[in-house]
Every structure is written in C-alpha cells, then in structure tokens.
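The structure under discussion appears below in the form of structure tokens.
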Amino acid sequence: MTFVDRYPDATRIVKASFIVAFTALGIGGLFGLIQALHRTGTFRGIVSSVQYYDVLTGHGVLLALVFTTFFIVGLYQWGVSRSLEREPENMTFAWSWFWMMTVGTVLTTIAILGGLIPGTEISAAVLYTFYPPLQAHPLFYIGAALLVVGSWLAAADWFWSFRKWRQKNPDATIPLQTYMVLFTMLMWYVCSIGVALEVVVLLIPWSLGLVTNIDPLLPRTLFWYFGHAVVYFWLLPAYFVWYSILPKLSGGRLFSDSLTRIVFILFLLLSTPIGFHHQYADPGITLGYKIWAVISTLLILLPSLMTAFTVISSMEHGARQRGGSGYFAWMGALPWNRPAFVGCALAGIMFAAGGFSGMINASLNIDMLIHNTAWIPGHFHLTVGTASALTFMAITYWILPQLTGRNLKFKKLALAQPYTWFAGMTLMSNALHRAGLAGIPRRVSEPEYRTVTYDPPFGTVSEMQWQVALGGTILFISLIFFLVVVVASWRGGEEGPIDDTLPAPLSGPEHSPKILDNMKLWIGIAIVLVLLAYTLPLADMVMDGLFSPGAPPSPV
Amino acid sequence: MHIHRFEKLWIGLSLFLIACFIGIVMFGFTVLDLKVPGGDRSGKTVDPKTVMAEGPFSNPGVREAENGEYDVYMLAQKFLFRPSSGQPLVLPKGKRVTFHITSPDVIHGFEVVGTNINAMAIPGQIATFTTIFPKTGTYGVICHEYCGAAHHTMQGQIKVVPASEYDESNLVSTSAN
Ligand code: HEM
Ligand SMILES: [Cu+2]
Ligand SMILES: [Cu+2]
C-alpha cells in the first residue's frame, strides 16, 4: 500500500501537474542552453540576436513561472492528501483548477513561441517581467492571469480539505505538512493579488487597445510587489521538502516541529512588504521606502538562517544514527549514494552560496555595483535555479514511486544527475557572478560593445565565457538525465515495497504553542505590514490617474 | 516550547549578523554619502509624449549649476543615449555632477561600466543622482534593461578630462530652456 493505492484521485492530479512541470522544464532548459551558448559567443547559429529575446522570455516564463507553479501544486496536493489522509474533496473542482492553469500556460506559450515563427502576427518578447510599455500579444497576459487564478483555486481546494479535516479533529494541531502548505498559500494570496491587479486591470485592457497609454512605474511596482514574494513561493516548497522529508532521507528525524512553524510564519509576514528592494535604482520611489526595504529584507535572512540550523542539525542527527561521529566526519556517514538525498543536500549547499550573494543584492548602495548585471542570473540560478529546481528534481525520485507503485528505474543515472547539476552550476554561476562584477549586463544577446572594455576584478572575460558555456551544457545534460529517469520510471520499474514513511520530529507538535496555528492572527498581521509598506507609494502613483503619466505602447 | 541552547545561540548570532549588514548600508549611506538614484527633487513627473519637445530634455546635455557643479540632462531612448552615444559625453574630473535621466519610449537602464553609477530610466519619471568622477579617462555606458530588438547595441561613452582642460563652450546654456 502506498500513496497511489490510498489516494488514487489525488495521484492523478499530482501526476498531471508533474507532466506539465517537466515538459516546461525540458523546453525551458533547452532555451537556457541556447542562451548560454549565444551570449558567450560560443555558438550563435541557433537563433538570431533578436530572437534571443523570445527565447529568453520562454526560458524565464517556462522555468520560473510554469515549471515551479505546476511542480508546487503537485507536491502540495501530495502533501495535503497524505498528511490530512484525504482525497481531494471534489474531483470536478480539482480538474477545473488544473485545466485552468494548463490552458493559461498554453496560451502564454503560444504567444511567446509565435515570435520565433516568421510571418506570425503573434509575439511576446517582453521577458518574464513584462515591463510595459513593452507590449505582448493579449494572449500572453490572458494566459498568465489564468495561471495565477488557477493556482488560487488550487489553494482554495486545500483550505477546503483542511476545513473538512478540522470538523473531524477540532482540537488537533494542524499536521506539519499541511501547515507548511497553507502558510505558503496564504503568502501566495497576499502577494499574487499584486500581479493579478497589474495584469487584469492595467495590461489586458491596454494590450487589447481599450486604453492607449500606460504609466510604466505603476505596473512595474505592482509586479515587484509580487516579484519578491514569488521567490519565497518557489523556495518554501523546497523548505517543505527539507523540513519534512530530508531528515528522513538522511536517516534521522526533524529537529523541531514548532521552529518549523515559526519559520513559515516569519515568511508569511515578511515576504511581501520588501518588494521595493528590486527598485533600488528606480526613480519615482522615495529613499525612505528604499531604506525600509533594506531593513526588512535583511530581517528575512533570519528564517533562512534558522532553516540552515534545523536542516543541518537534522542531517547530523541522521548521520549519527547511521554511525557517524566526530565534529565534521559525520558528514561522511550520510547516504551520498541515494539520489533524493544527494539532490536535496547539494541544493542546500548551493542555496547557502546564493544567500550570500543575495545579501549583497539587498544592501542598497552596494547593489549599485551589480544591479542588472550578469551577477543577478548568477545569484538566482543558485536560489530558484538550484535550491528549488534541484530539490524538486531530487524529491521526484522519492515521490514518483509512490505515485506509480513501482520502483525507480536507472538509479545510477538518477544518482549522477544531482552531481552533474552541481558541477554545471558551479561553473556557470561563479562565472556569471564575476562577469557581473566586471559590469557585463544581463538580458543581452551580445554583451560586446564597441565603446566598452571590461576590466574584471577576478579572472578574464574569455575564461568566464567558456565557463558559462560549458556549465550551461553540463546543466542541460543533467536535465536530460533527469527526464530519462522520469520517463522510464513513469510506466516501467519493478513492483515491490515502496518507502514512503516519515518519522515524527524529535521535538513534536505537542510542544507547539497553540498560537502558532492561529491563521487569522498571522494573516491579519501580514496584511497590516503590507498596507504599511505599500499604501503611500501606491497612492502617489495612482493619484495622477491610473494610466498617467502615459507612454505609448511598444509592441515586441 | 523548548528551544535548544545551540539554536538560541544561533538565532542570537544571526540577529547580530543582520544588524551588522544594516549598519554597513547605513554607514555607506550617511558617512560615505553613497546614495542611490531617486526621483526629481521636486517629485515632478514628465509627460513621455512631450518630453522631447519642451522643457530641459528638449535640449539634452551638460549645464553649469551653482558652486561649480554641473547638471546633465539625458534622454535614454531606443537605442541611444543623448548625450553620450555617437559623441562621448565630456565631464570635468573631481566636480559634482548631477544626472537627470528620463525616457520618452520604454524602460532603459543606465550603467557606467566599472563604477557604481547605475540607474533605471523610466518613462514619466526623472532619475536623479549626483556623482563625482575622481579619475580622468573614458568610461563605457551600457543600457542594461532590455528595451527591444536592438537593445544590445545601445551604448555610449563618457570622457572625463581634468577640470582645467574642460571646454565650457560645449555647455548647453540655461537660457535655452
Ligand atoms: C539547463 C539549465 C539552465 C541554463 C543553461 C540556464 C541559463 C541561463 C542563462 C545563461 C541566463 C541569462 C540570460 C541573459 O540574461 O541574457 C538565464 C536566465 C534565467 N534563468 Fe536560467 N538556466 C538554466 C536553468 C534555469 C532554471 C532551472 C531556472 C528556474 C527554475 C532558471 C531561471 C532563469 C531566469 C528566471 C532567468 C532570467 C530571465 C530574464 O532575465 O528575463 N534557469 N538562464
Ligand atoms: Cu527580492
Ligand atoms: Cu536597452
């Protein structure tokens, strides 16, 4: 008996979500390879330097928005069903959110790929941040809106299951996995309302030609209201894995249940009010708000540093259970031959490095050295591109057998995959960081300029270029490994007992104060903090009219 | 609720680290005067549709300000900087120069390679910041925000000369406003 036998309906939704997620991952990864070869001048024969921006839009949207969101709804449906021990309440409702998200994804993808096909009217080379007055085909925005609204319904579905569970268990503590799901989704509601307003109220009417001009600063601000918290929407599901599954994969148990809850509360409270740190270099936003963003951004380091502690101590506990000893020697006792563990652990290590470069980004005046340079993709390929993406791939190796009832195939390939990802990302990311310090910009197909000579503080430009190209190639190969394992295991694989148990934490929920489960309280505080951070600056931008100062559209 | 003493120590150290980071930023901001771009001092916005026809941006370039300081009014537009694309923008070494940058079309970026000069040019807004070039030489300027098909060609140059050699005849006269 494993997940698929107990919850066959939930299994279907999870599998369907994973299919969309991994398709997006494959296409997006191919685009990443093209970029890595193109912008380094290694090979420019696949797309033109103008089509590069269609490809880059596809890469950002398919990976950062589609792959993540679909994997997350699959993972969270799995977590809710197993921890509440319930099937989805109503399958028509469940399929309707799935299809809404999927149709949205297809529309947006058509709009993007249209730009690569000569002779089509449709295109959307606006990148995944879609700053107006750059204008995409209306399908791009309509699809994005469907994707977001669909994810809201998915969250509503889990709250529905939770209410039903609560009626039967009026006094019980919320099971930890469901707790993490619900708090992530509360944060998602708070932040994604910003991008929904941007797209539905401003961009869709404008792209349809109902209004001509657009005020670029207001949608940009609404985007970043959403845009920082969205990184926690990508990250918290990785934390969900690190807190609830990784300790077991290391051979031990989670360190503390209540600290896990506190960490999720801190993310709900602090994620959204800090979006202005993406606008440090923007005019039209008063310095006071930028300073406030510095302080609150650095404060959000706290829950991540607490996570580092809990995850490492849970792993140490596991290693010691497995016979490890010594100050550092226990690390050798961890299961470095099990793909799911290796992927999560390497993702955690890369996340620590990404955290450090993120502290530089957060530091207002220091950020001016690297804002919008290659440093930034160097940074977030460690965070979303590895901490989230590699964790998601790794945990698939553990969850997929529970969905198929069969063991994983090609275990050696699966084991090689996280190691190759780590090697490829080390090459690509270190070189992108250093290229950024030399002033090489991001988002550009040909970073060679007649008027510019770069003077890198560390290394040489040509050495960075080949590291990015080689690293990108290794990453793409790693991705192929992953897809081969998944496709082969989807139908194949031996039947047999499947490991799916999760042990209780060392310090369990019986030690958790009741107040941690008080969702109304925490969402209330979260909303107050958002209002404090955003009311005045948004009022400033809206006062002179929603669409003014208005700039004419610029279709791309 | 039980918190392990190592964990308490770790949380304490984390808060200390965070305080240090905040301290460093504030020290840079106040003592070293490392500011970031902000809006126009008067908080004014401009109309992107008319900004090239009227007001200071209709005649972009360097202007003399009070106390031996200078103002640069610059347009970042598809796909050039005015001034600094084509002819380099010439500035005196060691003087306080205040940039005012806006865009008449889409969002652009303004990066002076190898320095901490970095700003967004947003239609409707004026990015304002003050800087000093401590060394003579030529600096590359790049648009670092994607702005359309020829984004990767959008570039310029700043040439910094000794203040004594600075040719004031190239200044835009304020009466041209
Ligand atoms: C095969 C693996 C990958 C390769 C080779 C790769 C390569 C790249 C490169 C070279 C860039 C910089 C392009 C530029 O600024 O001109 C980039 C941007 C980006 N990548 Fe990746 N990447 C990979 C995987 C991922 C993953 C897994 C994610 C997220 C889940 C991701 C998210 C992004 C995002 C959001 C951008 C920024 C797009 C933009 O600036 O609009 N990438 N990638
Ligand atoms: Cu952020
Ligand atoms: Cu540009």
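The values are calculated or read from the model by the stated rules, or taken from the named source; none is laboratory data. In this text, all values refer to a predicted model and were calculated from it rather than measured experimentally. Virtual Cβ from ideal backbone geometry, glycine too; neighbours counted across all protein chains shown. With ligands, DNA and RNA removed, areas are computed over all heavy atoms of the protein, side chains included. Shrake-Rupley method; radii C 1.70, N 1.55, O 1.52, S 1.80 Å.
Criterion first (under 20 Å from residue B:69 (Cα atoms), in contact (Cβ under 8 Å) with a residue 60 or more places away in the chain and more than 8 Å from chain A (Cβ to nearest Cβ)) does residue B:133 satisfy it? It is false that residue B:133 is under 20 Å from residue B:69 (Cα atoms), in contact (Cβ under 8 Å) with a residue 60 or more places away in the chain and more than 8 Å from chain A (Cβ to nearest Cβ). What about residue B:96, is it free of Cβ contacts under 8 Å to residues at least 60 places away in the same chain and either open to solvent by 30 Å² or more (accessible area, probe 1.4 Å) or of a type outside the set (A, V, I, L, M, F, W, C) (or both)? It is true that residue B:96 is free of Cβ contacts under 8 Å to residues at least 60 places away in the same chain and either open to solvent by 30 Å² or more (accessible area, probe 1.4 Å) or of a type outside the set (A, V, I, L, M, F, W, C) (or both). The set of residues in the range B:105-117 being open to solvent by less than 20 Å² (accessible area, probe 1.4 Å) and within 14 Å of ligand 3 (Cβ to nearest atom) consists of B:106, B:107, B:108, B:109, B:110, B:111. Scanning the range A:195-245 for residues that are polar (S, T, N, Q) and either in a helix (DSSP H, G or I) or surrounded by 24 or more Cβ atoms within 10 Å (Cβ to Cβ) (or both) yields A:207, A:221, A:244. Only a single item in (1) closer than 19 Å to residue A:203 by Cβ; (2) of a type in the set (Val, Ile, Thr); (3) surrounded by fewer than 18 Cβ atoms within 10 Å (Cβ to Cβ) is not met by residue A:117, and it is number (1). Among all residues of the range A:346-356, there is none that is within 30 Å of residue A:415 (Cβ to Cβ), in a loop (DSSP other than H, G, I, E, B) and modelled with pLDDT of 90 or more. For the range B:26-80, a residue qualifies if it is within 19 Å of residue A:133 (Cα to Cα), open to solvent by 30 Å² or more (accessible area, probe 1.4 Å) and outside any loop (DSSP other than H, G, I, E, B), and exactly one does: B:80. Would you mind stating whether residue A:372 is open to solvent by less than 30 Å² (accessible area, probe 1.4 Å), at positive phi and within 14 Å of ligand 2 (Cβ to nearest atom)? Yes: the conditions hold for residue A:372.
Number of residues in the range A:143-172 that are under 30 Å from residue A:212 (Cα atoms) and either touching a helix residue (DSSP H, G or I) at 6+ places or on another chain (Cβ under 6 Å) or crowded, with 23+ Cβ neighbours inside 10 Å (or both) equals 7. In summary, residue B:74 fulfils each of the numbered conditions (1) over 24 Å from residue A:367 (Cα atoms); (2) more than 16 Å from ligand 1 (Cβ to nearest atom); (3) touching a Lys or Arg at 6+ places or on another chain (Cβ under 8 Å) with the single exception of condition (1). Apart from one condition, residue A:106 fits all of (1) buried (at least 18 other Cβ atoms within 10 Å of the Cβ); (2) assigned to a helix (DSSP H, G or I); the exception is (1).
Note on the range A:277-302: among residues that are under 23 Å from residue B:20 (Cβ atoms) and outside any helix (DSSP H, G or I), the one that is nearest to the other protein chains (Cβ to nearest Cβ) is A:280.
For the range B:104-127, a residue qualifies if it is within 7 Å of chain A (Cβ to nearest Cβ) and either part of a loop (DSSP other than H, G, I, E, B) or polar (S, T, N, Q) (or both), and the qualifying residues are B:105, B:106, B:107, B:113, B:114, B:116, B:118, B:122, B:123, B:124, B:125, B:126. Quick one: would you say residue A:431 is open to solvent by less than 40 Å² (accessible area, probe 1.4 Å), in contact with a Phe, Trp or Tyr (Cβ under 8 Å, 6 or more places away or on another chain) and part of a helix (DSSP H, G or I)? Spelling it out, it is not the case that residue A:431 is open to solvent by less than 40 Å² (accessible area, probe 1.4 Å), in contact with a Phe, Trp or Tyr (Cβ under 8 Å, 6 or more places away or on another chain) and part of a helix (DSSP H, G or I).
What residue, among those in the range A:251-276 that are farther than 18 Å from residue A:306 by Cβ and buried (at least 24 other Cβ atoms within 10 Å of the Cβ), is farthest from the other protein chains (Cβ to nearest Cβ)? Taking the candidates together, the pick is A:272. Take residue A:290 and tell me if it is more than 16 Å from ligand 2 (Cβ to nearest atom) and modelled with pLDDT under 95. No.
Checking each residue in the range B:81-103 for being in a loop (DSSP other than H, G, I, E, B) and either within 13 Å of chain A (Cβ to nearest Cβ) or closer than 20 Å to residue B:56 by Cβ (or both) picks out B:83, B:84, B:85, B:86, B:87, B:88, B:95, B:103. Of all the residues in the range A:208-267, those that are more than 16 Å from ligand 1 (Cβ to nearest atom), modelled with pLDDT of 90 or more and among the charged types (D, E, K, R) number 3.
Looking only at residues of the range B:130-145 that are open to solvent by less than 10 Å² (accessible area, probe 1.4 Å) and in a loop (DSSP other than H, G, I, E, B), we find that the one that is farthest from ligand 2 (Cβ to nearest atom) is B:133. Just wondering, is there one or more residues in the range A:447-457 that are open to solvent by 20 Å² or more (accessible area, probe 1.4 Å), aliphatic (A, V, I, L, M) and away from ligand 1 (no atom under 15 Å from the Cβ)? So far as the range A:447-457 goes, no, none of its residues is open to solvent by 20 Å² or more (accessible area, probe 1.4 Å), aliphatic (A, V, I, L, M) and away from ligand 1 (no atom under 15 Å from the Cβ).
Listed here are the residues, each with its yes/no results for (1) outside any loop (DSSP other than H, G, I, E, B); (2) more than 24 Å from residue A:350 (Cα to Cα); (3) under 20 Å from the mean Cα position of the chain (by Cα); (4) within 16 Å of ligand 3 (Cβ to nearest atom).
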{"residue": "A:252", "(1), (2), (3), (4)": "no, no, no, no"}
{"residue": "A:266", "(1), (2), (3), (4)": "yes, no, yes, no"}
{"residue": "A:269", "(1), (2), (3), (4)": "yes, yes, yes, no"}
{"residue": "A:275", "(1), (2), (3), (4)": "yes, no, yes, no"}
{"residue": "A:304", "(1), (2), (3), (4)": "yes, no, yes, no"}
{"residue": "A:309", "(1), (2), (3), (4)": "yes, no, no, no"}
{"residue": "A:312", "(1), (2), (3), (4)": "yes, no, no, no"}
{"residue": "A:315", "(1), (2), (3), (4)": "yes, no, no, no"}
{"residue": "A:320", "(1), (2), (3), (4)": "yes, no, no, no"}
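Have a look at A:471, A:508, A:439 and point out the one that is in contact (Cβ under 8 Å) with a residue 12 or more places away in the chain and touching a Phe, Trp or Tyr at 6+ places or on another chain (Cβ under 8 Å). Testing whether each residue is in contact (Cβ under 8 Å) with a residue 12 or more places away in the chain and touching a Phe, Trp or Tyr at 6+ places or on another chain (Cβ under 8 Å) leaves just A:439. The number of residues in the range B:65-101 being in contact with a helix residue (DSSP H, G or I) (Cβ under 6 Å, 6 or more places away or on another chain) and either β-branched (Val, Ile, Thr) or not assigned by TED's automatic domain parsing to the domain that holds residue B:153 (or both) comes to 0. The condition (being over 16 Å from residue A:335 (Cβ atoms) and surrounded by 22 or more Cβ atoms within 10 Å (Cβ to Cβ)) is satisfied by just one residue among A:392, A:410: A:392. Across the range A:533-556, the qualifying residues are those that are hydrophobic (A, V, I, L, M, F, W, C), in contact with a Phe, Trp or Tyr (Cβ under 9 Å, 6 or more places away or on another chain) and more than 13 Å from chain B (Cβ to nearest Cβ), and the one among them that is surrounded by the fewest Cβ atoms within 10 Å (Cβ to Cβ) is A:538. Under 7 Å between Cβ atoms, at least 6 apart or on separate chains: pull out the pairs that start in the range A:5-28 with a residue that is surrounded by fewer than 19 Cβ atoms within 10 Å (Cβ to Cβ) and end on any residue that is part of a loop (DSSP other than H, G, I, E, B) and modelled with pLDDT of 95 or more. Here the result reads A:9/A:87; A:9/A:88, each pair linking the range A:5-28 to a residue that is part of a loop (DSSP other than H, G, I, E, B) and modelled with pLDDT of 95 or more.
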